[in-house]
Amino acid sequence: MIRSFNRNTVASFGNDSFSVQFNHAVDFCKDWLSGKDQFAFHTSGSTGTPKKILLNRTQLEASAKATINALQLAPDENIFVCLNTQLIAGTMMLVRGMMLGCEIHIDEPTSDPLRNISENHEYSFASFVPMQIHSVFSDNPENLSKLNRFRNILIGGASINSLLEKKLSALTTNIFHTYGMTETVSHIALQRIGKEDSFTILPGVEIKTDNRNCLEIKAGSTDNKWIVTNDIVELENEKKFRVMGRADEIINSGGLKILPQKIEKALLETLSGLNIHIDDLFISSEKDEILGERIIAVLCCPTISKTDKIRIFEKMTTIVSKYEVPKEIYSLPFFEKTSSGKTDKLRTIELLKK
């Protein structure tokens, strides 16, 4: 059941039999309205152990103002929150609503985020993770009309593959892929899906690269301190960048440094062309006596036949170099996820060993 409130009514709510999600949202909003200055969050843990960080009120305000200005959000917004409000993405939806003074509608963070809203809903602004959007397209056709009724939609927390991007591009509403992390207090850049091929930074954000070509970020949301990321990027100009991959995921195979993200895009193109359907995939590596590391592909699907593997290998050689073609393809019926909905690659690979 969806629960609603705004900054004028939240103070009247008490802790009763409402959901954990709703009670946490109300508790946060009460703390916010009382002037609390510091808030604790945990990083996503998609590439390691989650860590606790403290963010101050000024950082959260700076992040919210940047998004409000970039999207030209107004006090008449109807905000739909179906992300976990204990994580930064869900929390920032609350902060934006508090600062706008608009209606905020809370639902449970599930893989089926539109299940409780009608086709003629009046929500104008929402944020989802790719896993939720994948479910939207997999479920009832009326879900597409539900998405189109929003004025602005954010999708973040993980990469968006080319298959999902193509489906999203067919929608008529404003849909943005976000770039950010807990340390930057949610997103610091947006990419209009179907309209742009690079991220544009929000107002008040500065970017540069280090000697690894990894992105560095400075903004009010980072307390005006430079944050060093592990994301390898190409700077288009001082305001735009493309993400090429992660420095901590580079595969050293036979002395060559290979970015998994490039191979993932090629593999998605291959699977689509061969009409092989999967739910998700990622590129990783395993130890090899000759190469040191050899590239592997992990597909989220019930099984993959030997014949299909051969077809994939043959097609991949026409798209990437022979050194970038996966040496083995594994399949799993499901991928392990972090609490924020990202694929937990380390735990998923452990499943292959069982």
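The values are calculated or read from the model by the stated rules, or taken from the named source; none is laboratory data. Treat the numbers as computed from the prediction; the structure is a model and nothing was measured. Backbone-built Cβ (ideal geometry, glycine too); neighbour counts: all protein chains shown.
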Legend entry - Identity of the residue in the stretch 252-279, touching a helix residue (DSSP H, G or I) at 6+ places or on another chain (Cβ under 9 Å) and among the hydroxyl-bearing types (Ser, Thr, Tyr), that ends up farthest from Val325 (Cα to Cα): Ser272
Inset, instruction - Among the residues of the stretch 123-155, write down those that are assigned to a loop (DSSP other than H, G, I, E, B) and modelled with pLDDT under 95. - result: Val129, Asp139, Asn140, Pro141
Inset, instruction - Identify all residues within the stretch 95-118 that are part of a helix (DSSP H, G or I) and either in contact with a helix residue (DSSP H, G or I) (Cβ under 6 Å, 6 or more places away or on another chain) or not assigned by TED's automatic domain parsing to the domain that holds Pro141 (or both); write none if there are none. - result: Val95, Arg96, Met98, Met99
Legend entry - the stretch 301-322 residues that are part of a helix (DSSP H, G or I), paired with ones that are not β-branched (Val, Ile, Thr) (beta carbon under 6 Å, 6 or more apart): Arg311/Leu274
Inset, instruction - Would you point out the residue of the stretch 40-94, among those that are assigned to a loop (DSSP other than H, G, I, E, B) and hydrophobic (A, V, I, L, M, F, W, C), that is surrounded by the most Cβ atoms within 10 Å (Cβ to Cβ)? - result: Leu83
Legend entry - Matching residues in the stretch 339-349 - criterion: being in contact (Cβ under 8 Å) with a residue 12 or more places away in the chain and either assigned by TED's automatic domain parsing to the domain that holds His42 or farther than 14 Å from Ser159 by Cα (or both): Ser339, Leu346, Thr348, Ile349
Inset, instruction - Filter the stretch 156-181 for residues that are touching a residue at least 40 places away in the same chain (Cβ under 8 Å) and assigned to a helix (DSSP H, G or I) and give the result. - result: Ser162, Leu163
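Which of the following residues is on the phi > 0 side of the Ramachandran plot and among the charged types (D, E, K, R): Asp197, Asp210, Asp223?
Working: Asp197 fails: on the phi > 0 side of the Ramachandran plot; Asp210 fails: on the phi > 0 side of the Ramachandran plot.
On inspection, the qualifying residue turns out to be Asp223.
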Legend entry - Complete set of residues in the stretch 197-215 that are assigned to a strand (DSSP E or B) and surrounded by fewer than 16 Cβ atoms within 10 Å (Cβ to Cβ): Glu206, Lys208
Inset, instruction - List the number of the failed condition for Glu216; all other conditions in (1) touching a residue at least 24 places away in the same chain (Cβ under 8 Å); (2) closer than 29 Å to Phe39 by Cα hold. - result: (1)
Inset, instruction - For Ile278, indicate whether it is over 21 Å from Arg311 (Cβ atoms), at pLDDT below 95 and of a type in the set (Val, Ile, Thr). - result: no
Inset, instruction - Please specify each residue of the stretch 22-39 satisfying the condition of being in a strand (DSSP E or B) and either of a type outside the set (A, V, I, L, M, F, W, C) or surrounded by fewer than 14 Cβ atoms within 10 Å (Cβ to Cβ) (or both). - result: Gln38
Legend entry - Test for Ile283: is it within 20 Å of Asn161 (Cα to Cα) and either of a type outside the set (Asp, Glu) or out of contact with any Ser or Thr (no Cβ under 8 Å at 6 or more places or on another chain) (or both): yes
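The rows are residues; the columns are (1) closer than 23 Å to Ile290 by Cβ; (2) crowded, with 20+ Cβ neighbours inside 10 Å; (3) touching a strand residue (DSSP E or B) at 6+ places or on another chain (Cβ under 7 Å).
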| residue | (1), (2), (3) |
| --- | --- |
| Ile232 | no, yes, yes |
| Arg242 | no, no, yes |
| Ser253 | yes, no, yes |
| Ile263 | yes, yes, yes |
| Leu274 | no, no, no |
Legend entry - Single residue of the stretch 182-200 satisfying the filter (in contact (Cβ under 8 Å) with a residue 40 or more places away in the chain and of a type in the set (A, V, I, L, M, F, W, C)) that is nearest to Ile88 (Cα to Cα): Val185
Legend entry - Neighbours by Cβ (under 9 Å, 6+ apart or cross-chain): first from the stretch 232-244, farther than 23 Å from Ile283 by Cα; second part of a loop (DSSP other than H, G, I, E, B) and hydrophobic (A, V, I, L, M, F, W, C): Lys239/Val205
